[in-house]
Amino acid sequence: MLFRELSKTGVKIPAIGMGTYTYGSADEQENIKALNRAFDLGCTFWDSADIYDNGANEILLSKVLKDRRNEVFLCTKFGIVRGPNGEFSVSGKPEYVHQSCENSLKRLGVDYIDLYYQHRVDPNTPIEDTVGALAELVKEG
């Protein structure tokens, strides 16, 4: 597997990552089997989001990560919000950033996320506020 440096962090990640958008509540055993197979083939850079299958995606990943957390570079995203009637909006409000991170950590069953980033920019929240909330999360560990 070819690795690349993540920006100027010194962190090496696989050049090919696996988007997990389609993994969720449908056919859980087949999804777990596919995730384990991808891992066995060297695909250890996984990308998710809190909105994927309304969080079921992250719960599914937790079932594979429980034994392999230290071997996977785990990314997840925030920013897309589903309303009570199924409508979508975006949020980059600091309180939302913090709450979404906590929720993702719980669903994923992990105590850290390697890369946490914004899925869509919120035009109603200054980007400085969103990035400030992310900086606070980094300080918190």
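Given the conditions (1) under 29 Å from M1 (Cβ atoms); (2) of a type in the set (D, E); (3) loosely packed, with under 13 Cβ neighbours inside 10 Å, report the number of the one that E95 does not fulfil.
(1)
Considering every residue within the range 99-113, establish whether at least one is in contact with a Leu (Cβ under 9 Å, 6 or more places away or on another chain), within 23 Å of L6 (Cβ to Cβ) and surrounded by fewer than 14 Cβ atoms within 10 Å (Cβ to Cβ).
Yes, some residue in the range 99-113 is in contact with a Leu (Cβ under 9 Å, 6 or more places away or on another chain), within 23 Å of L6 (Cβ to Cβ) and surrounded by fewer than 14 Cβ atoms within 10 Å (Cβ to Cβ).
Criterion first (among the small types (G, A, S), farther than 21 Å from H119 by Cα and loosely packed, with under 15 Cβ neighbours inside 10 Å) does G19 satisfy it?
no
Can you tell me which residue within the range 114-125, out of those that are more than 17 Å from the chain's Cα centre (by Cα) and surrounded by 11 or more Cβ atoms within 10 Å (Cβ to Cβ), is farthest from S62 (Cα to Cα)?
That would be T125.
How many residues are within 14 Å of S100 (Cα to Cα) and touching a helix residue (DSSP H, G or I) at 6+ places or on another chain (Cβ under 9 Å) if we restrict to the range 60-76? Let's see the steps before the verdict.
Quick first cut of the range 60-76, residues within 14 Å of S100 (Cα to Cα) only: 75-76.
Within this subset, residues satisfying the condition of being touching a helix residue (DSSP H, G or I) at 6+ places or on another chain (Cβ under 9 Å) are 76.
Total meeting the criteria: 1.
Does the range 88-115 hold any residues that are acidic (D, E) and in contact with a strand residue (DSSP E or B) (Cβ under 9 Å, 6 or more places away or on another chain), and which are they? Talk me through it step by step, then tell me what you get.
Of the residues in the range 88-115, the ones acidic (D, E) are 95, 102, 111, 114.
D114, the sole residue that qualifies.
Which residues, counting only those in the range 41-84, are surrounded by fewer than 17 Cβ atoms within 10 Å (Cβ to Cβ), touching a residue at least 12 places away in the same chain (Cβ under 8 Å) and of a type in the set (G, A, S)?
The answer is G42, A56, S62.
Under the condition of being in contact with a helix residue (DSSP H, G or I) (Cβ under 9 Å, 6 or more places away or on another chain) and among the β-branched types (V, I, T), which residue from the range 115-137 is farthest from Y52 (Cα to Cα)?
Among those residues, the one meeting the criterion is T125.
Values quoted throughout were computed directly from the atomic coordinates according to the rules given, and no laboratory measurement underlies them. Bear in mind the structure is a predicted one, so any value in this text is a computation, not a measurement. Don't worry about glycine lacking a Cβ; one is built from the backbone with ideal geometry, like all the others, and counts go over all protein chains shown.
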